[in-house]
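The values are calculated or read from the model by the stated rules, or taken from the named source; none is laboratory data. Predicted, not measured: the structure shown is a model, and the values here were computed from it. Virtual Cβ from ideal backbone geometry, glycine too; neighbours counted across all protein chains shown. When the accessible area is computed, the model is the full protein with side chains, heavy atoms only, and any ligands, DNA or RNA have been set aside. Shrake-Rupley method; radii C 1.70, N 1.55, O 1.52, S 1.80 Å.
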Amino acid sequence: MKKIIVNKLQEFAKGIFVPVLILPIVGILFAFASIFTNSRVHNVLPFLNNSFFIDFGKILGQSLIPIIGTYLGILFAVGLSIGLAKKEKHHAALVGMLSYFVFIHSMNTYMGIKKALVSIDQLRGSGQTILMGVQIIDMGIFLGIAIGIIVPFIHNKFIDKELKGAFQIYGGPRLVFIISAFAMILFSVIATYIWPTVQHGINNISTFIENSGEIGVFTYGFLDRLLIPTGLHHLIYPTFLYTNFGGSEIVNVIKNGEVVPQLFEGARNIYNAQLSNIDSVSQFTKYTVWDARGISKILGLWGAAFAMYKTANKENKPKIKIILLSAMGASVLAGVTEPIEFSFLFTAPILFVVHAILSGLGMVAFSLLDLRSIVPNGIIDFILINIPAGIDRTGWPLVLVIGLVQAIIYYFAFKFLIEKFNLKTPGRENSNEDVKLYSKKDYQNKKSENTGKDIIDYLGGINNVVKVENCYTRLRVTVKDSHLIKEKELLTTGASNVIIIDKENIQIVYGINVRSVRNKVEDYLITQTI
C-alpha cells in the first residue's frame, strides 16, 4: 500500500511539472514589464522613459495578468492532463480544456437551478467568483488540479477502447471526452455541496501555516531540499507558490487603463501581480519568503563546494576544481542544484541532511529580517527582479549577507564532517575509483558521443523500457525491472547520477540538457517501432 501511494505521488509530481515549468517564464516576463514601466529605472536609463517602451511594458504586464489569475486553473487542467497521460497526450490536453469548460458551465447551471447564486454586488466574501464570465463557487487552482487528475485517469483507461458497429466512430479520444463530460457534470454537482467545507479546511490550514511563523518556514525550506532525491519536492513548493497555502492578497492591477483591486493567491502569483504595476507598490508582499529558496543556490552552496575542494586528495584537486565550478555554475545561474547536491548525496547522505537544514535556516533568517526580496532560483532572476524594484521594496542586499554567512557555515560544517567521518566526497575516492561527476568538457564530449540507443541499452534494452518522461533536470523512466539497469554505463552518457526509486522507477540526472537527451531516446524508440 505504501509503495502504491509513493508511486502515485511521484507520478503526480512528474505530471504537475508540466504547468509549473511554464510559470517561472511568466515571472521573468513580468520582470521585464516592470523594468519598462518602473519610474526609478527611467531615472537611471532615461531612454526607456518614452511612450513606446512604457506602452510596451504595460501591454506585456497586463497581458500576463490573466495567466496568474483567471486562466491559472485551466493551465493546470491542461498541463496535468498532458503530464499524466500515458499516450496520445495531445488528445488528453484537448479533453482537459473542454472538460474545464463543461465543469464551470455545469456548476453555474446547477447553482442557478438551486437558486444558490448570489447577486453580483454580494460576490466578494461569498465564496463565489466570476470565472471566464461564468459565476461559480471559487475553487481556485484546485479546480484545475482536480480536472487535471480526473481527465488523464479516464484517458488512460479508455483511449484504446474501440466500439463496434455504428458506434465505432465514438471510440478512442471521442469516448474519453464523452465519459469526461458526464464525469464533469457529476463532479460539478458534488463540488457545489462539498467544496465550501473543503475550502474552510484549506483556509484553516493556511492560517495555521502563517501563524506557525519561522517553524513553518524552516519546515518548508528543509523539506524542499530533503525530498529532492525522490522528486517529491515538486509537491511542496507549487502548493505555496500558486495556492492560498502561500497566502492571499489584494493587489491593484491595471485593467482597461484603470486601477482595479484583484485578489491573488499564492506567493508567486501575488508578487508577479505587483510587478505588473510596480510604481503602486511600496513594498513587496511578505509572502515572498515562500520563494526565497534560491539563497543557498546562489551563495550558500559555495561553502559546500569549497569544503569538498579543500578536503580532496592533493592529486585530485585540479580535476575536482573544474567539476565543482561547473556544478556551481548551474546552481548560481539557473538554480539547478542537482549537479552539486548529487556530488555528495549518495556518498555522504549526512551532508545532504545538513544541506537541507542550512537551506531551511537561511529562509528563517530571511523571515526574521522581514525581507521582501524575490529569490526563486539563480542570480539572473534575482538581478532582473530585485535591483530594478529597489532596496526599499525588497531589502535585497541583506539577502547577500544571509547567503555569505550561510556559505561560511556550510564550509566549516562540511569540512568538519568530511574529515571527522572520512566521507568519500568527490576527490576523496580510493585510487582505483573514478570521480562520479564530470567536467563541462567531459560532459560535452560524452553528450555528443551518446545516442538514444546507448541509453536504452543501459536501461536494460527496449523491452525493459515502459515509459520515458522528463522534468527540468532528470530523465524519468519507468522500467519493467530495475535490476537490468547498468548504472555505471549510464553515467558515461553525460548523466551526473542515477537514482533507482524502486523496482520500476528510476531517475537519471542530466541537468538542463535533459530535453535533448529525451528526444534522442524517443527518436530511437520510434525507429524501432516503425
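How many residues are open to solvent by 40 Å² or more (accessible area, probe 1.4 Å) and part of a helix (DSSP H, G or I) when one looks only at the stretch 67-100? Walk me through it before giving the result.
Quick first cut of the stretch 67-100, residues open to solvent by 40 Å² or more (accessible area, probe 1.4 Å) only: 67, 70-71, 75, 82, 86-91, 94, 97-98.
Okay, now just the ones that are also part of a helix (DSSP H, G or I), so 67, 75, 82, 89-91, 94, 97-98.
Count: 9.
Out of everything in the stretch 154-169 that is within 16 Å of LEU94 (Cβ to Cβ) and open to solvent by 30 Å² or more (accessible area, probe 1.4 Å), what residue ends up being farthest from the chain's Cα centre (by Cα)?
PHE158
Condition (residue is within 30 Å of VAL479 (Cα to Cα), β-branched (Val, Ile, Thr) and open to solvent by less than 60 Å² (accessible area, probe 1.4 Å)) applied to the stretch 137-144: is it met by at least one residue?
Scanning the stretch 137-144, I find no residue that is within 30 Å of VAL479 (Cα to Cα), β-branched (Val, Ile, Thr) and open to solvent by less than 60 Å² (accessible area, probe 1.4 Å), so the answer is no.
Among the residues of the stretch 282-319, write down those that are outside any helix (DSSP H, G or I), in contact with a Phe, Trp or Tyr (Cβ under 9 Å, 6 or more places away or on another chain) and closer than 26 Å to ASN377 by Cβ. Spell out how you get there, then give the answer.
Applying the first criterion (outside any helix (DSSP H, G or I)) to the stretch 282-319 yields 282-285, 292-294, 311-313.
Restricting the remaining residues to those that are in contact with a Phe, Trp or Tyr (Cβ under 9 Å, 6 or more places away or on another chain) gives 284-285, 292-294, 311.
Answer for the stretch 282-319, where residues must be outside any helix (DSSP H, G or I), in contact with a Phe, Trp or Tyr (Cβ under 9 Å, 6 or more places away or on another chain) and closer than 26 Å to ASN377 by Cβ: PHE284, THR285, ALA292, ARG293, GLY294.
Do the conditions hold for ALA116, that is, is it under 21 Å from LEU131 (Cα atoms), under 16 Å from the mean Cα position of the chain (by Cα) and not charged (D, E, K, R)? Show your work before the answer.
Values: under 21 Å from LEU131 (Cα atoms): yes; under 16 Å from the mean Cα position of the chain (by Cα): no; not charged (D, E, K, R): yes.
Taking the combined requirement at face value, the residue does not satisfy it.
For the stretch 474-492, what are the residues that are buried (at least 21 other Cβ atoms within 10 Å of the Cβ) and either over 18 Å from LYS87 (Cα atoms) or under 23 Å from the mean Cα position of the chain (by Cα) (or both)?
Those that are buried (at least 21 other Cβ atoms within 10 Å of the Cβ) and either over 18 Å from LYS87 (Cα atoms) or under 23 Å from the mean Cα position of the chain (by Cα) (or both): ARG474, LEU475, ARG476, VAL477, LEU490.
Would you mention how many residues in the stretch 444-464 are within 28 Å of the chain's Cα centre (by Cα), in a helix (DSSP H, G or I) and modelled with pLDDT of 90 or more?
The total comes to 2.
Quick check: anything in the stretch 121-128 more than 17 Å from LEU263 (Cβ to Cβ), out of contact with any Gly (no Cβ under 7 Å at 6 or more places or on another chain), open to solvent by 40 Å² or more (accessible area, probe 1.4 Å) and in a loop (DSSP other than H, G, I, E, B)?
Within the stretch 121-128 (the criterion being more than 17 Å from LEU263 (Cβ to Cβ), out of contact with any Gly (no Cβ under 7 Å at 6 or more places or on another chain), open to solvent by 40 Å² or more (accessible area, probe 1.4 Å) and in a loop (DSSP other than H, G, I, E, B)), the answer is no, since none of the residues qualifies.
If PRO173 satisfies every condition in (1) in contact with a helix residue (DSSP H, G or I) (Cβ under 7 Å, 6 or more places away or on another chain); (2) at pLDDT below 95; (3) surrounded by 18 or more Cβ atoms within 10 Å (Cβ to Cβ) but one, which is the exception?
Checking PRO173 against (1) in contact with a helix residue (DSSP H, G or I) (Cβ under 7 Å, 6 or more places away or on another chain); (2) at pLDDT below 95; (3) surrounded by 18 or more Cβ atoms within 10 Å (Cβ to Cβ), the one that fails is (3).
Checking the condition closer than 20 Å to ALA330 by Cβ, surrounded by fewer than 18 Cβ atoms within 10 Å (Cβ to Cβ) and either aromatic (Phe, Trp, Tyr) or modelled with pLDDT under 90 (or both), which residue from ILE512, ILE500 passes?
ILE512
Taking the stretch 518-527, which residues are in contact (Cβ under 8 Å) with a residue 12 or more places away in the chain and closer than 18 Å to ASN464 by Cβ?
The answer is ARG518, LYS520, VAL521, GLU522, TYR524, LEU525.
Inside the stretch 335-402, counting only helices (runs of 4 or more DSSP H) that do not spill past its ends, which hold 2 or more residues that are in contact with a Gly (Cβ under 9 Å, 6 or more places away or on another chain) and hydrophobic (A, V, I, L, M, F, W, C)?
Correct list: 349-368, 379-389.
Please specify each residue of the stretch 362-419 satisfying the condition of being open to solvent by 10 Å² or more (accessible area, probe 1.4 Å), within 25 Å of HIS42 (Cβ to Cβ) and without any contact (Cβ under 8 Å) to a residue 40 or more places away in the chain.
Selection gives ILE383, ILE387, ILE391, GLY395, TRP396, PRO397.
Just one of (1) modelled with pLDDT under 90; (2) open to solvent by less than 10 Å² (accessible area, probe 1.4 Å); (3) not hydroxyl-bearing (Ser, Thr, Tyr) trips up PHE346, so point out which.
(2)
Enumerate the pairs (first residue in the stretch 77-102 and in contact (Cβ under 8 Å) with a residue 60 or more places away in the chain and within 10 Å of HIS155 (Cα to Cα); second residue anywhere and acidic (Asp, Glu) and open to solvent by 10 Å² or more (accessible area, probe 1.4 Å)) with beta-carbon separation below 7 Å, excluding pairs fewer than 6 apart on the same chain, so at least 6 apart or on different chains.
Pairs found: LEU84/GLU11.
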